[in-house]
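See below for the structure under consideration.
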Amino acid sequence: MSSINYDLTKIKAFVFDVDGVLSCDVIPLHPDGDPMRTVNIKDGYALQLAVKKGYQVGIITGGYTEAVQIRFSRLGIEHIYMRSAVKIHDFHDFLQKTGLKPEEVMYAGDDIPDYDVMKLVGLPVAPADAAPEIKQIARYISLRNGGEGVARDVIEQTMKAQGHWMSAEAFGW
């Protein structure tokens, strides 16, 4: 049984911010000044399984490091928007490319740059440690902090509601 107050059978896509959602919001800096991020292995498993099961999966982040691009590409994610100055523009591009409607999309964000996208989508999600303004508009606040399994939480609940979680594809990478 899902703890998300939304008809999860409507969801056809998952879109995530990176910093503060798929990675912790405190990150070490490399000596060359680039931020270094952590990733959650269970998030990675859920993301690649969602791709295998035919969900559209996207990343929209204001940041840029090659490691982020490589990580999520290797999980099968095709829609990766980096250096996103105004996320709603990239979200509209995602909708146009996928042919989806906003109500078919779950978007997880944690801070003010995510606000406009979260106001538009059917299922706006926030990590437990998101900014107060983001929590106010989220339909679901995960019990997980950013970087600690937020993607796994929402993908697993959605796929269980749709009968896709423990499918044959679930038993391999």
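Observations
- Considering residues of the stretch 58-78 that are assigned to a loop (DSSP other than H, G, I, E, B) and hydrophobic (A, V, I, L, M, F, W, C) only, the residue nearest to Tyr45 (Cα to Cα): Leu75
- Residue satisfying all of: in the stretch 36-61; β-branched (Val, Ile, Thr) and surrounded by fewer than 20 Cβ atoms within 10 Å (Cβ to Cβ); nearest to Phe91 (Cα to Cα) among these: Val51
- Restricted to the stretch 49-69, and to residues there that are more than 12 Å from the chain's Cα centre (by Cα) and among the polar types (S, T, N, Q), the residue that is farthest from Ile11 (Cα to Cα) is Thr65.
- Residue within the stretch 106-114 that is assigned to a helix (DSSP H, G or I), under 13 Å from the mean Cα position of the chain (by Cα) and not hydrophobic (A, V, I, L, M, F, W, C) present: yes
- Residues of the stretch 64-106 that turn out to be farther than 27 Å from Asp32 by Cβ and either among the small types (Gly, Ala, Ser) or surrounded by 13 or more Cβ atoms within 10 Å (Cβ to Cβ) (or both), as a count: 19
- Of all residues making up the stretch 26-58, the number that are among the hydrophobic types (A, V, I, L, M, F, W, C), more than 19 Å from Asn145 (Cβ to Cβ) and touching a residue at least 24 places away in the same chain (Cβ under 8 Å): 4
- Residue count for the stretch 126-170, restricted to those that are without any contact (Cβ under 8 Å) to a residue 40 or more places away in the chain, among the β-branched types (Val, Ile, Thr) and in contact with a Lys or Arg (Cβ under 9 Å, 6 or more places away or on another chain): 2.
- On inspection, Arg152 fails the criterion of being surrounded by 19 or more Cβ atoms within 10 Å (Cβ to Cβ), at pLDDT 95 or above, part of a loop (DSSP other than H, G, I, E, B) and not aromatic (Phe, Trp, Tyr).
The values are calculated or read from the model by the stated rules, or taken from the named source; none is laboratory data. Treat the numbers as computed from the prediction; the structure is a model and nothing was measured. Here Cβ is always computed from backbone atoms with ideal geometry, including for glycine, and neighbour counts include all displayed protein chains.
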